[in-house]
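Quick notes on the structure that follows.
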Amino acid sequence: MAAALQAIERFVASGRSHHVVTLDASMCVEARTDLELRRIVLEAELVTPDSAGILWAARRCGVRLTERVSGVDIVSALAARSPTTGITMFLLGAAPGVAEEAAARLQTQHPGCRIVGAHHGYFSADDEPRVVDAIRQARPDVLCVAMGIPKQEKWIARHRAELGVPVMIGVGGTFDVLSGRMRRAPAWMRRTNLEWLYRVLANPRKLRKVLMLPGFVAMTLKARR
Ligand code: UDP
């Protein structure tokens, strides 16, 4: 996490645009057949291990990664550091009202944290230019996009050039958690890498992701040979 935050702060200082991907096992599996997604992941300036599966796979492949670096943890850490770093954020995604609630909570938890805009993630193609314009006008250092995998990654890649934002991160269900609408798994479940189980129980739609895990295990075992 410390290395990821350092990289993100360096990206902001450079002023050029960077894509940060928070990678989980389901994205790896999808990127095997979705070539657009695969290119995006391979070309991202920073890819962080968002799930316990990625940590396990890295270890099997001889890469030592010490901890998960999830979207929700990155956004929280950036918000906590914002009063000192001066880094500004725009929250894009989730159902109407949720990004605003997440922004309000972050500002209460971290007085002086600079969130320069928020917008939901259910806009139409006709509305897209207006949303892009709102982000450009707000001139954030970091754009957090919470529209689910792979929609958020593709949206970032498609709009990267016109947005001109230094750091763009796909952060999945982060605003649902930060707004308080979706509770985080208890600490013991996070510690024992069981957060996924909590999420599936809370949201059966997540079962799709769990069903991808055998494919992920197979990929990892094959990659090792
Ligand atoms: N979402 C959105 N626009 C869409 C589809 C989804 O803003 O068109 C939001 C949804 O409300 C939720 C997030 O994207 O807040 C997806 O969260 P999830 O945890 O399912 O993400 P993933 O597991 O794909 O990272």
Out of curiosity, is GLY62 at pLDDT below 95 and surrounded by 19 or more Cβ atoms within 10 Å (Cβ to Cβ)?
-> no
Restricting region 209-225 to residues that are in contact (Cβ under 8 Å) with a residue 24 or more places away in the chain and within 12 Å of the ligand (Cβ to nearest atom), which is surrounded by the most Cβ atoms within 10 Å (Cβ to Cβ)?
-> LYS209
Would you call LEU163 open to solvent by less than 60 Å² (accessible area, probe 1.4 Å), within 12 Å of the ligand (Cβ to nearest atom), under 20 Å from the mean Cα position of the chain (by Cα) and in contact (Cβ under 8 Å) with a residue 24 or more places away in the chain?
-> no
Name the single residue, out of those in region 1-54 being assigned to a loop (DSSP other than H, G, I, E, B) and either of a type in the set (Asp, Glu) or away from the ligand (no atom under 16 Å from the Cβ) (or both), that is most open to solvent (accessible area, probe 1.4 Å).
-> ARG16
Please enumerate the residues belonging to region 65-84 that are open to solvent by less than 60 Å² (accessible area, probe 1.4 Å) and either touching a His at 6+ places or on another chain (Cβ under 8 Å) or polar (S, T, N, Q) (or both).
-> SER70, SER76, ALA79, ALA80, SER82
List pairs: first in region 131-160 and touching a residue at least 40 places away in the same chain (Cβ under 8 Å) and more than 15 Å from the ligand (Cβ to nearest atom), second open to solvent by 30 Å² or more (accessible area, probe 1.4 Å) and of a type in the set (A, V, I, L, M), Cβ under 7 Å, 6+ apart or cross-chain?
-> ALA138/VAL116; PRO140/VAL116
Counting only residues that are among the aromatic types (Phe, Trp, Tyr) and in a loop (DSSP other than H, G, I, E, B), which one in region 114-157 is surrounded by the most Cβ atoms within 10 Å (Cβ to Cβ)?
-> PHE123
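The values are calculated or read from the model by the stated rules, or taken from the named source; none is laboratory data. Please read these numbers as outputs of a predicted model, since none were measured by experiment. Glycine also receives a Cβ, built like all others from the backbone with ideal geometry; neighbour counts cover every protein chain displayed. Remember, those area values only see protein heavy atoms, side chains included, never the ligands or the DNA or RNA. Shrake-Rupley method; radii C 1.70, N 1.55, O 1.52, S 1.80 Å.
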